[in-house]
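The values are calculated or read from the model by the stated rules, or taken from the named source; none is laboratory data. If you're wondering where the values come from, they're calculated on a predicted model, not measured in any experiment. Here the Cβ positions follow ideal geometry from the backbone for every residue, glycine too, while neighbour counts run over all protein chains shown. Ligands, DNA and RNA are stripped out before the accessible areas are found, and what is left, the full protein with its side chains, is counted by its heavy atoms. Shrake-Rupley method; radii C 1.70, N 1.55, O 1.52, S 1.80 Å.
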Amino acid sequence: MKIGIIGSGLVATTLGSGFLKHGHDVALGTRDTTKLADWAKENPEGRVLSFSETAKFAEVVVLAVKGTVAADALRAAGQANLAGKIVIDATNPITEAPPVNSVLNFFTSHDDSLMEKLQREFSSARFVKAFNSVGASCMVNPQFKGGKPSMFICGNDDAAKKTVTTVLDQFGWETEDMGSAEAARAIEPLCILWCIPGFRNNDWVHAFKVLR
Ligand SMILES: NC(=O)c1ccc[n+]([C@@H]2O[C@H](COP(=O)([O-])OP(=O)(O)OC[C@H]3O[C@@H](n4cnc5c(N)ncnc54)[C@H](OP(=O)(O)O)[C@@H]3O)[C@@H](O)[C@H]2O)c1
């Protein structure tokens, strides 16, 4: 697939290399292409474009920017370039405030989520929450003694979630579909939980698994 990743940070570059490894065609989007010079050197098959060029290029968009500017980045990408497309939303609504006793602060409430806000504004795009509740270093084919970890996803479009499940199969995850976009109210805060061992004990290599 043609994957357009909006972002230049650790998530964007890690997923970009991961999608290339799995045979996809990849563009990364940024406001400042010089930020991605190293990635471009290490990934010569990948492209580095603007936000709007990336969204236009993509069959599947990945949103990997700071949560506080997620809507701005999508506005720059352009409503028309997103229409009908799957948007894999890896963002978290983390505020600029420092963590309190290792607990991150969110700008959303328990009754709304960042992904729902984005789905409302960009109503013709098909958002699927994924990749938000694990660190970038564990996103692509992580190897854990306990076996395949679980990736929680949600979104309103079943076909979009099916496509994302195929991606997660390639990336070495078991998919746990939590239903419609409202489930992002539960999935986004998993990021807070995931980060606590990191801030407390510098333990950043772990993932969630559902046991039945
Ligand atoms: N880091 C992780 O391990 C991890 C794991 C799971 C989920 N997440 C989530 O994934 C997202 C990306 O995280 P990250 O650590 O890779 O990167 P990040 O530092 O959170 O975000 C970097 C991106 O934000 C964009 N950005 C910053 N200010 C902007 C503005 N005013 N307008 C438009 N875009 C702006 C930058 O665009 P330019 O390229 O144009 O500068 C850059 O692409 C975040 O929401 C984070 O919570 C992170």
Among the residues of the stretch 178-203 satisfying the criterion of being farther than 13 Å from L114 by Cα and away from the ligand (no atom under 16 Å from the Cβ), which is surrounded by the most Cβ atoms within 10 Å (Cβ to Cβ)? M178
Residue check, K35 in a helix (DSSP H, G or I) and away from the ligand (no atom under 13 Å from the Cβ): no
Determine if the stretch 41-50 includes at least one residue that is farther than 20 Å from A73 by Cβ, of a type outside the set (D, E, K, R) and surrounded by 18 or more Cβ atoms within 10 Å (Cβ to Cβ). yes
Spans of helices (runs of 4 or more DSSP H) in the stretch 55-125 with at least 2 residues more than 23 Å from A136 (Cβ to Cβ): 79-82, 114-121
State whether the residues of the stretch 124-134 include one that is more than 17 Å from the chain's Cα centre (by Cα), modelled with pLDDT of 95 or more and open to solvent by 10 Å² or more (accessible area, probe 1.4 Å). yes
Among S52, S133, which is among the polar types (S, T, N, Q), in contact (Cβ under 8 Å) with a residue 12 or more places away in the chain, in contact with a Leu (Cβ under 6 Å, 6 or more places away or on another chain) and more than 22 Å from A159 (Cβ to Cβ)? S133
